[in-house]
Amino acid sequence: MSYPGYPPSDGYPAFPGYPPTGQESVYPPAGQYAYPAVPGGFSPSGGGTYPAAPLNAGFPGAAGYPAPGGYPASGGFPGAPQAGGMPPYPGGPGFAVPPTGPGFGGYPQQPPAQSYAGGGPAQIPGFPGGQVPSPMPGPPAAVFQCTQGTIQAAPNFDAGRDAEILRKAMKGFGTDEKAIINVVANRSNDQRQKIKAAFKTMYGKDLIKDLKSELSGNMEELILALFMPSTYYDAWSLHHAMKGAGTQESVLIEILCTRTNQEIREIVNCYKSEFGRDIEQDIRSDTSGHFERLLISMCQGNRDENQTVDYQKAQEDAQRLYQAGEGRLGTDESCFNMVLASRSFPQLKATVEAYSRIANRDLLSSIDREFSGNVERGLKTIVQCALNRPAFFAERLYYSMKGAGTDDSTLIRIVVTRSEIDLVQIKQMFTQMYQKTLATMIASDTSGDYRQLLLAIVGQ
């Protein structure tokens, strides 16, 4: 796999927005996810739920939110509030009474238009009469591939016309950033690749090099990220996270624990072809222990993506996880790795629901208690994505901007990589979780053309 304009060995030089080695942003430690407590006796140390992921029709009313809770007191993103310090959900401070009905302790169901196969509902009808229901087929995978992006392919697209606009924007003294923004923020990634090819055909020059010579700082990083093919951008981000001294574990977790099987396999192949390195070998040299094993498992791209939920298996897996953690002295880490790395997301959702009945504690809380460090964050990311993927990314965006300074690389990476997948739902979850829009927070945390381009991608 070859991408024109990108060197085969080193890729782009380090973007100016990336923090120096050793100063990378810390992935949110344990206990700081905004999961309010749920009824049923779960421990307040880690329990609770994301709010329900909204459909495109809008947000649920205040009565649909879980019971009062907030941040657990331990760990978390840098500068995260302590218990009770989370911005309230819509409907006033705290949370209203959760809705009744099937499902685990207030954990909301995934939206039906989720972008990834494996995001479908796993409703458990309470096992009436002690009978575990038979496997039930979920909706076809195509249902879960609906685009929820803020960027759509432009109609009446003309790559040559766009290439000419960009050429004029960069020609002569000064740069017309508004013209550049108008083009790149309103074209799909596939269309941007066609513009890049047309530019070289028409002018005999490399568009990427011209853009780099005209831009700088975060604006340069954002523009170049938009012009990278999506697979290359993920591979480049992973390579950059492990290149040189130090490792940005948060990037490894964010990408490898959230992508589909096909995306992961394409990333692994691109990593090899573009950087001449084996990603597994780089992971082994940069990580260790159970975290290394989890990432190696993720690199295989072999998660079950069957939409059928086997409730008997969910019950067995939940029992297995309990016996590997809460039900014994010490922890059988390999059992957690096996279940969370191989089961489909609908199946994991059913397992989480079954686990709550067995352990009288939610699985995220048990992972908090049984694990620590990067492996804990990786396992929790998988569970969070099974329960509510848009909420996971909304939270990552919030903490990239919260407090002093901005983690621009994380902000750019998530906005760019989700812009054609589920950024619409992420925006809705952001508003629901933090009582402010994503655009409002971006506007207050960034400036200049960089801010204008981010807002053009995100939408007001």
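Of the residues making up region 318-342, those that are in contact with an Asp or Glu (Cβ under 6 Å, 6 or more places away or on another chain) and not small (Gly, Ala, Ser) number 2. Of all the numbered requirements in (1) closer than 21 Å to Cys257 by Cα; (2) surrounded by fewer than 21 Cβ atoms within 10 Å (Cβ to Cβ); (3) among the hydroxyl-bearing types (Ser, Thr, Tyr), Tyr322 misses one, and that requirement is (1).
Quick check on region 291-304. Is at least one of its residues over 30 Å from Arg361 (Cα atoms), at pLDDT 95 or above and surrounded by fewer than 16 Cβ atoms within 10 Å (Cβ to Cβ)? Looking through region 291-304, at least one residue is over 30 Å from Arg361 (Cα atoms), at pLDDT 95 or above and surrounded by fewer than 16 Cβ atoms within 10 Å (Cβ to Cβ).
For region 376-403, taking the residues that are over 17 Å from Ser366 (Cα atoms) and charged (D, E, K, R), the one that is surrounded by the most Cβ atoms within 10 Å (Cβ to Cβ) is identified as Arg389. Would you confirm whether or not region 286-303 contains a residue that is part of a helix (DSSP H, G or I), among the hydroxyl-bearing types (Ser, Thr, Tyr) and farther than 30 Å from Ile358 by Cβ? Scanning region 286-303 turns up no residue that is part of a helix (DSSP H, G or I), among the hydroxyl-bearing types (Ser, Thr, Tyr) and farther than 30 Å from Ile358 by Cβ.
Do the conditions hold for Thr431, that is, is it open to solvent by 20 Å² or more (accessible area, probe 1.4 Å) and modelled with pLDDT of 95 or more?
Yes, satisfied.
On the basis of being in contact with a strand residue (DSSP E or B) (Cβ under 8 Å, 6 or more places away or on another chain), in a helix (DSSP H, G or I) and surrounded by 22 or more Cβ atoms within 10 Å (Cβ to Cβ), does Pro346 make the cut? Yes, satisfied. With respect to (1) surrounded by 22 or more Cβ atoms within 10 Å (Cβ to Cβ); (2) in contact with a Phe, Trp or Tyr (Cβ under 7 Å, 6 or more places away or on another chain); (3) free of Cβ contacts under 8 Å to residues at least 60 places away in the same chain, the lone exception for Leu340 is condition (2).
The values are calculated or read from the model by the stated rules, or taken from the named source; none is laboratory data. Just so it is clear, the structure is predicted and the values come from calculations on it, not from any experiment. So basically every Cβ, Gly included, is an ideal-geometry build from the backbone, and we count neighbours across all protein chains shown. Surface areas here come from the heavy atoms of the whole protein model, side chains and all, with no ligands, DNA or RNA. Shrake-Rupley method; radii C 1.70, N 1.55, O 1.52, S 1.80 Å.
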